[in-house]
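**Student:** Following this message is one structure expressed as structure tokens.
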Amino acid sequence: MPDKVIHAGEKGFVSLSAGVQKRTMNNKLKEGETLFTDSKIDEAEKCFLSLVENDSDCKEAYNNLRTIPFKKDDREKSINHFTRSLKIGPTY
């Protein structure tokens, strides 16, 4: 992982250290989990999808994403997200 990454935020592109990037991702995960808990399923899904778009190896986001299609009776999509999270982190 590089020491710095470029992030496109509201104010344009900014350089983030790896530590700041990790905190940002953790905050976004918590935001998505809170949205899910508050039954704001579509908003939670957007939140988790934004994480995997920025970091395709975010196993936590894929793991959380698996619950949304499961609630919508889309078992295949749920299994795909879960499988992706296990490929990234087999012991997760």
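**Student:** Does the range 22-68 hold any residues that are aromatic (F, W, Y) and under 12 Å from the mean Cα position of the chain (by Cα), and which are they?
**Tutor:** Across the range 22-68, the qualifying residues are F48, Y62.
Yes/no matrix, rows are residues, columns are (1) at pLDDT below 90; (2) touching a strand residue (DSSP E or B) at 6+ places or on another chain (Cβ under 8 Å); (3) among the β-branched types (V, I, T):
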| residue | (1), (2), (3) |
| --- | --- |
| T67 | no, no, yes |
| D73 | no, no, no |
| S78 | no, no, no |
| P90 | yes, no, no |
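**Student:** Give the range 27-78 a look and list any residue that's outside any helix (DSSP H, G or I) and at negative phi, or say none.
**Tutor:** Listed by number, the residues that qualify are D38, K40, D55, S56, D57, C58, R66, K72, D74.
The values are calculated or read from the model by the stated rules, or taken from the named source; none is laboratory data. All values reported here derive from a predicted model rather than from experimental measurement. All Cβ positions, glycine included, derive from the backbone under ideal geometry; neighbour counts span all protein chains shown.
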